[in-house]
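Here the structure is laid out as structure tokens; the discussion comes afterwards.
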């Protein structure tokens with residue numbers, strides 16, 4: 001079993017990147033694309049994101065042996081429901097959502113009896129929309145598949161091969177564990193970034209203009225993450241509530257301990273933590289998950 | 001009054017960047033350099049960071065009309081004390097420290113009667129040491145001067161001209177206000193980044209290897225900031241305690257409100273904040289304070 005026809009439902013950053021990546025890295029696979037927004041469909045056609053941009057989801061999926069839903073996790077169930085009765089026999093239904101337990105449940109409700117294999121390519125940028133996609137988004141990034149226990153092995157292998165062809169490394173994981181891991185490596189970082197950018201822009205003692213002028217002290221990094229798609233992220237927090245609240249609790253405990261260290265002038269505790277965290281950075285770079293150049297190689301000095 | 005001879009005390013990222021910047025952008029100014037670590041002095045000499053690398057601070061400052069202390073803020077007083085009796089008449093004493101009220105007090109205690117004009121170029125990378133410096137670090141970044149009320153106007157103008165020559169934009173500010181502004185735009189972002197990286201690496205349910213593999217979901221950005229110099233940052237928190245605790249309180253309040261919104265499924269509150277924060281990102285880019293390319297233009301896809 002191998003994928004020869006992929007339908008991409010939702011043509012934002014992720015959907016369009018899949019389209020570009022297939023075109024460049026797996027051109028033997030045919031693609032169709034659909035987005036509920038006619039303006040996005042027009043843009044996608046202009047950009048050549050998929051072989052055929054269809055005016056209905058039904059048209060897009062009719063020949064597909066793999067359907068990938070690239071919509072906010074809160075919109076998965078409705079988007080999947082609409083495909084019911086129009087799918088090819090044996091077609092694999094997958095997605096790219098950032099929470100997996102809720103998506104698995106939503107897809108199972110929407111398309112009972114179908115081959116559902118949720119997936120999450122851990123990749124993205126702060127930009128949104130069809131024009132934001134690019135073919136190398138998944139190169140050397142991890143794509144996590146969370147097949148149900150009784151999933152068809154051949155279908156899991158086919159989906160795995162598909163993501164490998166797009167340049168990703170594939171990992172199989174339990175949906176619940178995925179949601180906990182991503183709460184730490186993605187959801188809490190986004191929540192914190194959104195919060196501090198909000199806090200900074202609401203202060204009375206410090207003007208917004210000052211916040212912006214002196215952002216190179218560290219704040220500007222958070223503004224990038226806090227520029228991510230608001231609907232996508234709202235849905236992530238609503239759909240991974242348990243793991244996010246659990247990890248947020250840990251973070252808050254640790255922050256409170258540091259607050260106490262600062263208040264009491266306990267330099268040793270601060271220095272100990274600040275020295276330990278460097279090792280993680282080195283490991284992230286060694287594992288090929290970040291640019292090793294200082295400041296991510298930013299070229300804003302010219 | 002204009003600067004023709006600068007002594008750089010401390011040859012880490014900031015000190016060495018000043019040396020390189022003078023050489024490239026203001027070559028008519030002579031430089032001397034000193035670091036208390038002989039290995040750093042040897043490296044600095046090899047890299048040509050200053051015209052002369054001296055074996056004592058006294059030698060380095062004897063001809064200087066501007067002395068810039070580039071040491072952690074907790075080490076300013078001791079480093080300045082050692083210069084007493086060796087400074088040229090009328091020499092300006094300045095620094096690059098990230099907290100300004102404590103530094104102003106430390107320098108006033110160490111060198112009473114001297115012309116002290118504290119400064120803070122809001123620029124840096126996560127790297128440390130003499131080899132980390134580069135000439136364009138200050139280009140288009142802001143340098144904040146916090147002269148005391150009775151400061152000599154000609155000296156302030158000379159220091160301002162010096163930083164302008166290195167490519168920086170200069171702003172004059174009250175030390176106390178500086179400390180509040182930087183608590184928001186730099187100190188709290190660093191504290192949060194150090195905390196989340198620490199939290200993530202101490203979990204039992206999620207392995208360190210998982211944290212690293214899936215760091216491209218947002219976490220990796222925090223690892224960069226949390227790789228910053230531990231001694232420098234310990235000192236910042238110990239020396240800007242009041243403003244940091246004040247701003248940390250605001251941040252925690254806002255985070256608690258978001259936590260409540262997540263718990264109660266209040267998507268509207270989340271969406272409203274997540275939409276507002278995009279405008280700040282746009283402003284940061286428009287003001288030339290960050291790279292507009294997606295993901296800071298990272299090139300880690302190859």
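Each value in this text was obtained by applying a stated rule to the coordinates, not by laboratory testing. Note that the structure is a prediction, hence the values are computed from the model and not measured. Cβ sites come from the backbone with ideal geometry, for glycine too, and all protein chains shown count toward neighbours.
Brief remarks follow.
- Ellipticity estimate at 222 nm from DSSP helix runs (n ≥ 4, -39,500 (n - 2.57)) divided over chain B, nearest 500: -14500 deg cm²/dmol
- Taken residue by residue and averaged, Cβ atoms of other chains lying within 10 Å of the Cβ of A:125-135 number 2.
- Point-to-point label distance, residue A:1-residue A:109, nm (Cα→Cβ direction, 7 Å offset): 2.6
- Quotient of the Cα radius of gyration of the range B:1-40 and 2.2 N^0.38 Å, N being its number of residues: 1.17.
- In plain terms, if you count all Cα to Cα distances in the range B:177-265 and split them into 10 Å steps from zero, the share in each step is 15, 38, 35, 11, 0 percent.
- Counted over the protein assembly as shown, the DSSP beta bridges are approximately 10% antiparallel.
- Of all chain A residues, the one whose Cβ lies closest to the rotation axis that maps A onto B, given with that distance rounded to whole Å, is A:296, 2.
- Using R0 = 35 Å, the C-beta based FRET efficiency linking residue A:257 and residue B:84 works out to 0.35.
- C-alpha center-to-center spacing [the range B:127-155, the range A:170-194] in angstrom: 39
- Peptide-level mean, for B:46-55, of C-beta atoms on other protein chains within 10 Å: 0
- Among beta bridges that DSSP assigns inside the range B:5-173, antiparallel share in %, nearest 5: 10
- Cα-based convex hull, the range B:101-172, per residue volume (Å³, whole number): 107
- Relative to the longest principal axis of the Cα atoms of chain A, the long axis of helix A:101-110 lies at roughly 20 degrees.
- Of the three principal axes defined by the Cα atoms of chain B, the extents in descending order read 66, 44, 36 Å.
- R0 of 41 Å, Cβ-Cβ distance residue B:52-residue A:140: FRET efficiency to nearest 0.05: 0.35
- Legend: mean number of C-beta atoms from other chains within 10 angstrom of residue C-beta atoms, peptide B:247-253, equals 5.
- Exposure proxy ranking, count of Cβ atoms within 10 Å, fewest first, for A:247, B:173: B:173, A:247
- Based on alpha-carbon atoms, the Kirkwood radius and the radius of gyration of the range B:5-173 give Rg/Rh equal to 0.92.
- Net lengthening on full extension, residue B:157/residue B:176 (0.36 nm per residue, minus Cα-Cα): 4.8 nm
- Listing B:84, B:16 from fewest to most neighbouring C-beta atoms within 10 Å gives B:84, B:16.
- Directionally averaged projected area (the protein assembly as shown, Cα convex hull): 26.5 nm².
- On the beta carbon distance between residue A:279 and residue A:37, with R0 = 45 Å, the FRET formula returns roughly 0.50.
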